[in-house]
Amino acid sequence: MVIKMPSITNFKRVNRVGDLIKTEISDILLKDVRDLRIRHVTITDVKMTDDLRLARIFFVPLGEVTCSDEIMEGLRNASKFFRRELGKRLRLRYVPGITFIYDKSFEYGDRIDRLLAKIEGKENR
């Protein structure tokens, strides 16, 4: 019986392509996007499927605690533009499909900071 081990090189390639897409999407947001709804969005992470066909792009809006429906709609509308631009910039056999996901970890971290500050304020009394 032969046990097939997961390919480590494939895993590394997935991470490298994800990092490259993160860099390119950030650059596109900075230089090429004209939509004011999504102009101040920061890309926090990119997770790729193993076959490199889908990219889940995690983001946070700058200066806001939560994500508005307006920002989500702007990103949804611009996803074809981002995919086309990635196709021009990257040398990949297939340009991955793009899904934008709001990164709630910053919201969670902000909540923890507020709770710790509240606890620290009570201890100083």
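Every read-out reported here was derived from the displayed coordinates using simple, explicitly stated rules and does not represent laboratory data. Only a predicted model underlies this, so the values are computations on that prediction, with no experimental measurement involved. Ideal geometry is used to build each Cβ from the backbone, glycine not excepted, and the neighbour counts take in all protein chains shown.
Along the positive direction of the dipole of the chain (beta-carbon charges: Lys, Arg +1; Asp, Glu -1; about the Cα centre), which of MET72, PRO96, VAL46 reaches farthest?
PRO96
Any idea what the relative contact order of the chain is, in percent, if you count C-alpha pairs under 8 Å spaced at least 6 apart?
23 percent
Return the long-range amide H neighbours of ILE98 (sequence gap of 5 or more, or a different chain), with a cut-off of under 5 Å between placed amide H atoms.
So ILE98 has HN proximity to ALA55.
How would you rank 77-89, 36-48, 106-118, highest first, on the average number of other Cβ atoms within 10 Å across their residues?
36-48, 77-89, 106-118
Net charge within 14 Å of ARG83 by Cβ-Cβ distance, Lys/Arg positive one each and Asp/Glu negative one each, not counting ARG83 itself?
Summing Lys and Arg as +1 and Asp and Glu as -1 gives +4.
So what's the convex hull volume per residue for the Cα atoms of the chain, in Å³?
164 Å³
Suppose R0 equals 30 Å. What FRET efficiency, 1/(1 + (r/R0)^6) with r the Cβ-Cβ distance, do LEU90 and HIS40 give to the nearest 0.05?
0.75
Under 9 Å from the Cβ of GLY97, count the other residues' Cβ atoms, weight Lys and Arg +1, Asp and Glu -1, and hand me the total.
+2
Hey, for a label at GLU107 modelled as a point 7 Å past Cα toward Cβ, could you say which residues of the range 52-70 have their backbone N under 18 Å away?
57-70
Between LEU115 and LEU54, what length in nm is gained on full extension when 0.36 nm per residue of separation is reduced by their alpha carbon distance?
This chain segment gains 18.3 nm when fully extended.
Quick one: net charge of GLU107's neighbours, Cβ under 14 Å, K/R +1, D/E -1?
In short, -1.
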